[in-house]
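Trainee: Take a look at this one; I'll ask things after.
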Amino acid sequence: MKDFLKKYKYLLFTFFVSFVIFYPSLFVFFTNDDFFFLKTAQAKSFGDFLNFFNLIKGPDGFGMYRPLTTQVFYFISTKFFNLSPLPLHIVTFIFFFAIIYLIYRLALVLFKNQEIALISAFLYSASATHFGHFYYLATFQEIGVTFFVLLSSLAFLSKKNFLSFIFFVLALLSKETAVVTPILLTLIYFFQKSQKREIPDVKKLLIILTPFVTCLFIYLLVRFRWYGFASGDSYIWDFSVKRVLNTSFWYLLWSLNIPESLIDFIGSGLKVNPNLFLYWKDQIMPIFISFFVQGALLATVLIKALLQKTKNYMAQRDLVSVFCIAWFLTSLLPVIFLPEHKFSFYLTLPLIGVVFRIGYLLSTSKINKFFVILFLAAWTVTSILTLRFTVQTNWITQDELISKRVFEFFNAKGEYLATKKIVFSDTKEDASLPWSPTLLVKTALSINNFFEVFYPSLVNNISYSGRADVTITSRQFLGY
């Protein structure tokens with residue numbers, strides 16, 4: 001035990017820091033899509049469970065094929081834990097810590113440098129981009145697909161090709177974005193080749209990747225034949241270079257711990273909406289100051305690295321840069337053409353490229369160790385400040401609070417309401433608000449999915465308009 005603690009003390013410290021940052025998420029409730037996924041995860045027989053993996057027909061209203069990270073994940077709560085969200089949050093933490101370890105292992109194999117591996121793992125673990133992963137259980141899909149893609153990558157590096165393929169299949173069962181895995185494996189192959197390591201020739205690589213490509217072809221054929229493309233108000237595909245660059249820029253900023261909601265206050269030409277400082281000055285100014293310190297420290301290291309003119313170092317630096325940028329952009333491919341549908345929680349896999357590059361930069365630039373610690377501290381502080389601001393303002397946490405209040409309300413009055421026709425309603429005073437409280441409640445509860453899961457006997461008596469035996473004022477669930 002003593003040897004284990006000594007060997008992994010820095011990695012264990014990384015786990016500890018990450019847990020301290022995100023542990024409040026353990027106590028948040030379900031919200032929004034969670035209720036739909038809980039409904040689709042109900043299985044009364046083994047046959048129903050196997051049907052989760054039906055490639056031809058998914059749950060009604062769900063045009064995605066993600067059985068492992070939706071139906072199976074939520075089935076844990078519906079079957080074994082009486083619809084409690086806490087076990088699912090614990091599962092999320094376990095998988096997240098596993099991802100941190102896998103990132104450490106991948107960096108160790110790729111760069112042959114423990115310091116790079118440890119720094120990369122720490123940067124990833126403390127990133128504010130993980131807000132969605134911890135506070136919104138529906139994004140476990142991102143955690144699951146990243147976990148299996150990393151396992152596939154490590155198995156590929158270990159020349160365990162069949163095992164790598166199995167992990168790839170499991171990644172596809174987690175989320176469609178796993179389609180980029182063969183490209184990432186190719187990037188890993190050529191990076192290894194650039195390091196003059198013993199690896200198969202290109203012909204052997206093509207043979208290794210043949211099952212991946214064949215499986216991917218069949219998967220895409222079936223997927224688009226029965227599920228089609230993603231659709232919805234925000235699923236608007238745009239392949240213009242300008243929009244792709246803009247989307248990439250925002251994902252890069254978010255990966256450096258800038259708040260996701262900043263996008264709502266910055267227009268074309270980088271014009272800042274004055275409301276940002278009017279309403280959120282006390283929160284946003286510390287973030288900007290911390291981000292500036294973080295950026296200044298990173299720029300200092302970058303300049304120092306650029307001043308190193310050693311031929312071998314320059315060549316290696318450029319190779320690492322190309323690999324990390326390619327990883328970042330390749331992982332973003334499934335979402336980079338959706339400018340109206342971008343969220344920081346999509347950075348689960350792309351962020352690895354960013355932390356690898358920063359980790360390499362900090363480790364190889366011949367800077368003082370204290371300077372490295374100072375940067376890691378600035379990164380962590382920026383992340384914590386951004387996380388605190390996001391928890392206060394993001395729709396995820398606001399919807400979660402609404403859902404929890406409604407749940408507590410019906411727990412207290414469910415018996416009285418059992419035979420009543422119930423309508424959620426706005427009041428005359430609500431007309432002055434820029435939004436409808438009833439619409440917010442309806443969205444947070446995923447229309448009637450909340451009631452189908454928790455109060456199935458009431459579901460036919462719930463409405464958001466019309467006459468009723470009992471009218472419930474929606475605004476009481478908003479907290480103001």
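Trainee: What about residue 374, is it in a helix (DSSP H, G or I), more than 27 Å from residue 236 (Cβ to Cβ) and open to solvent by 10 Å² or more (accessible area, probe 1.4 Å)?
Mentor: yes
Trainee: What's the total number of residues in the range 125-149 that are more than 12 Å from the chain's Cα centre (by Cα) and touching a residue at least 60 places away in the same chain (Cβ under 8 Å)?
Mentor: 3
Trainee: For the range 386-409, check the following and say yes or no: at least one residue is under 21 Å from residue 292 (Cβ atoms), open to solvent by less than 40 Å² (accessible area, probe 1.4 Å) and not β-branched (Val, Ile, Thr).
Mentor: The answer is yes; a qualifying residue exists.
Trainee: Still on this structure: So residue 408 passes all but one of these: (1) more than 26 Å from residue 136 (Cβ to Cβ); (2) at pLDDT 90 or above; (3) acidic (Asp, Glu). Which condition number does it fail?
Mentor: Failed condition: (1).
Trainee: Then there's this: Quick check on the range 297-306. Is at least one of its residues in contact with an Asp or Glu (Cβ under 8 Å, 6 or more places away or on another chain) and either surrounded by 20 or more Cβ atoms within 10 Å (Cβ to Cβ) or in a helix (DSSP H, G or I) (or both)?
Mentor: no
Trainee: Here's another thing I want to ask about it. Testing residue 230 on (1) at pLDDT 85 or above; (2) surrounded by 13 or more Cβ atoms within 10 Å (Cβ to Cβ), one condition comes back false. Which one is that?
Mentor: (1)
Trainee: Further, regarding this structure: Which of (1) of a type outside the set (A, V, I, L, M); (2) modelled with pLDDT under 90; (3) in contact with a Gly (Cβ under 8 Å, 6 or more places away or on another chain) does residue 327 not meet, given it meets every other one?
Mentor: The number of the failed condition is (2).
Trainee: Here's a check for you: in the range 189-198, which residue that is in a helix (DSSP H, G or I) and either among the basic types (Lys, Arg) or touching a helix residue (DSSP H, G or I) at 6+ places or on another chain (Cβ under 6 Å) (or both) is most open to solvent (accessible area, probe 1.4 Å)?
Mentor: 193
Trainee: Quickly run through the range 8-33 and pick out the residues that are within 20 Å of residue 398 (Cβ to Cβ), open to solvent by 40 Å² or more (accessible area, probe 1.4 Å) and among the hydrophobic types (A, V, I, L, M, F, W, C).
Mentor: 27 - this is the single residue of the range 8-33 that is within 20 Å of residue 398 (Cβ to Cβ), open to solvent by 40 Å² or more (accessible area, probe 1.4 Å) and among the hydrophobic types (A, V, I, L, M, F, W, C).
Trainee: Checking the conditions here, which among 167, 122 is modelled with pLDDT of 95 or more, within 25 Å of residue 37 (Cα to Cα) and among the aromatic types (Phe, Trp, Tyr)?
Mentor: The conditions single out 167.
Trainee: Within the range 17-28, can one find any residue that is touching an Asp or Glu at 6+ places or on another chain (Cβ under 6 Å), hydroxyl-bearing (Ser, Thr, Tyr) and under 30 Å from residue 125 (Cβ atoms)?
Mentor: Scanning the range 17-28, I find no residue that is touching an Asp or Glu at 6+ places or on another chain (Cβ under 6 Å), hydroxyl-bearing (Ser, Thr, Tyr) and under 30 Å from residue 125 (Cβ atoms), so the answer is no.
Trainee: Identify all residues within the range 442-460 that are assigned to a helix (DSSP H, G or I) and out of contact with any Leu (no Cβ under 8 Å at 6 or more places or on another chain); write none if there are none.
Mentor: 442, 443, 444, 450, 452, 459, 460
Trainee: Within the bounds of the range 312-323, is there any residue that is surrounded by fewer than 19 Cβ atoms within 10 Å (Cβ to Cβ) and closer than 22 Å to residue 247 by Cβ?
Mentor: Looking for residues that are surrounded by fewer than 19 Cβ atoms within 10 Å (Cβ to Cβ) and closer than 22 Å to residue 247 by Cβ, one finds at least one in the range 312-323, hence yes.
Trainee: Testing residue 353 on (1) of a type outside the set (Ser, Thr, Tyr); (2) modelled with pLDDT of 95 or more; (3) more than 18 Å from the chain's Cα centre (by Cα); (4) open to solvent by less than 10 Å² (accessible area, probe 1.4 Å), one condition comes back false. Which one is that?
Mentor: All conditions are met except number (3).
The values are calculated or read from the model by the stated rules, or taken from the named source; none is laboratory data. Just so it is clear, the model here is predicted, and its values are computed rather than measured. Positions of Cβ are backbone-derived with ideal geometry, glycine not excepted, and every protein chain shown enters the neighbour counts. Ligands, DNA and RNA are excluded from the accessible area calculation, which covers all protein heavy atoms including side chains. Shrake-Rupley method; radii C 1.70, N 1.55, O 1.52, S 1.80 Å.
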